[in-house]
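Since the structure comes first, as structure tokens, the remarks are kept for the end.
Where a number appears in this text, it was derived from the coordinates with a stated rule and is not lab data. Since the structure is predicted, the reported quantities are computational estimates derived from the model, not experimental observations. Every residue, glycine as well, gets a Cβ built from its backbone with ideal geometry; the counts of neighbours run over all protein chains shown.
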Amino acid sequence: MTQPNTRQIPDEAQVLDWMESLSNWGRWGEDDQLGCLNLITQKKRIQAAALVQDGIPVSCARPISTDMNADVTFQVQRFMVDSGEGRMEDSPERQYTRRGAAEFIGMVFHGQSITHIDAMSHYSWKGNLYNGKPANLITSRQGAQTHSIEAAYSGIITKGILLDLPKLRGVEYLDPNEPVMPLDLLEAEEAQGVKIEEGDILLVRTGNYKMRLANPPAQSGEPMTACQVACTPLFKERGIAMLGTDTSNDFRPSHYSTVGSPLHTMCLVTMGLWLIDNANLEELSEACARRNRYEFMLTLAPLRLRNVTGSPVSPIALF
């Protein structure tokens, strides 16, 4: 199914065929809200917990900054409701009553800089969301009336696997002009001695985050490596529950004219496969290399946002 021995980019006709053949619509019922998260069973969580040996947590989140840079599509806003300024000069009476500091934070977390989860309401194809629900259930007034991030309110806990592609190639980061293909994932899996299994969360490191910290892009439209949509049959075959990378999860520029953001569309709409965009996998890469172990318990606790298409998140790997 995955044609692992080739690096050939599939043509548009093949991608359109996969839009049908890789479908998980109806697999877990007509009203299913979890998609591939259904593959994380109680047994899978117990298996993940058994991987904890050192009790050392590693965050896979990027810092959320209010600074402007070329990758920021929408500026994160911070407004201080109250601060500590002037507290020392306040009268004693005022010092007793004015104690706290607080702020308003506003953000559009979808984009290329904030680590976040894409719920299945984030993308549609030909007017449909995952499981054939109409896209017009996502409204400007009421938000995501189906496939909201709130479906994952209990948290996501399973085995995580890191495939560290730059480490495999002996480079700091991958060429942004070269997509990640199924063969790359299979070679990394073999080299690292891990096995991608049903219910796992697959994390793929390209080094993109490290590269952009060292060489900030001049504009947001610059080339960016990511898993090519050719990887999606492998994802379906292995039964992964989520995919996360240190990119925004679509190779840029796209190889296709009629399918915008093909990986997002195939995963979120066709397969019901939730995505983690813009992870920070640098500390995780170091932690895995020190232990020569590339599997761990991974936990994510998205905000319980009602009728929302995703959530900022800090994935935590626990060794």
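Share of antiparallel DSSP beta bridges in region 160-319, in percent to the nearest 5? Close to 30 percent. When the Gaussian network model of the chain links Cα atoms closer than 10 Å, the mean-square fluctuations of K167, K126, K159 top out at K126. Between G100, G170, G111, the GNM of the chain built on Cα springs shorter than 10 angstrom shows G100 fluctuating the most. For K210, the lysines whose Cα comes closer than 21 Å to its Cα, not counting residues fewer than 8 places off in the same chain, are K167. The GNM of the chain, with springs linking C-alpha atoms under 10 angstrom apart, assigns the highest mean-square fluctuation among G35, G207, G127 to G127. Across the options G111, M68, Y96, the greatest Cα extent toward the positive end of the charge dipole of region 67-119 (unit charges at beta carbon of Lys, Arg, Asp, Glu) belongs to Y96. Taking θ as phi - 60° and the Karplus parameters 6.51, -1.76 and 1.60, the scalar couplings of region 98-115 work out to 9, 10, x, 10, 8, 9, 9, 10, x, 8, 9, 6, 5, x, 10, 10, 9, 5 Hz in sequence order, x denoting glycine and proline. What is the Cα centroid distance between region 263-319 and region 74-96, reported in whole angstrom? Answer, in whole Å: 35.
Rounded to the nearest Hz, the phi-derived 3J(HN,Hα) couplings of region 170-176 under the Karplus curve 6.51 cos²θ - 1.76 cosθ + 1.60 (θ = phi - 60°) are x, 10, 7, 7, 6, 4, x, where x marks glycine and proline. Less than 5 angstrom separates the built amide H of S311 from those of I117, A119, all sequence-distant by 5 or more or on a different chain.
Amide H contacts of V180: A226, C227, Q228, each under 5 Å away and 5 or more positions distant or on a separate chain (H built 1.01 Å from N in the peptide plane; Pro and chain starts excluded). Within a straight-line Cα-Cα reach of under 27 Å, K133 can be paired with the following lysines, leaving aside sequence neighbours fewer than 8 residues apart in one chain: K236. In order along region 189-199, phi translates into HN-Hα couplings of 4, 5, 5, 8, x, 10, 9, 6, 10, 4, x Hz, rounded to whole numbers, per the Karplus curve 6.51 cos²θ - 1.76 cosθ + 1.60 with θ = phi - 60° and x for Gly and Pro.
Partners of K195 within straight-line reach, counting aspartates and glutamates whose Cα lies under 12 Å from its Cα and excluding those fewer than 8 residues away in the same chain: E187, E295. Annotation: the antiparallel percentage among DSSP beta bridges lying fully within the chain is about 70.
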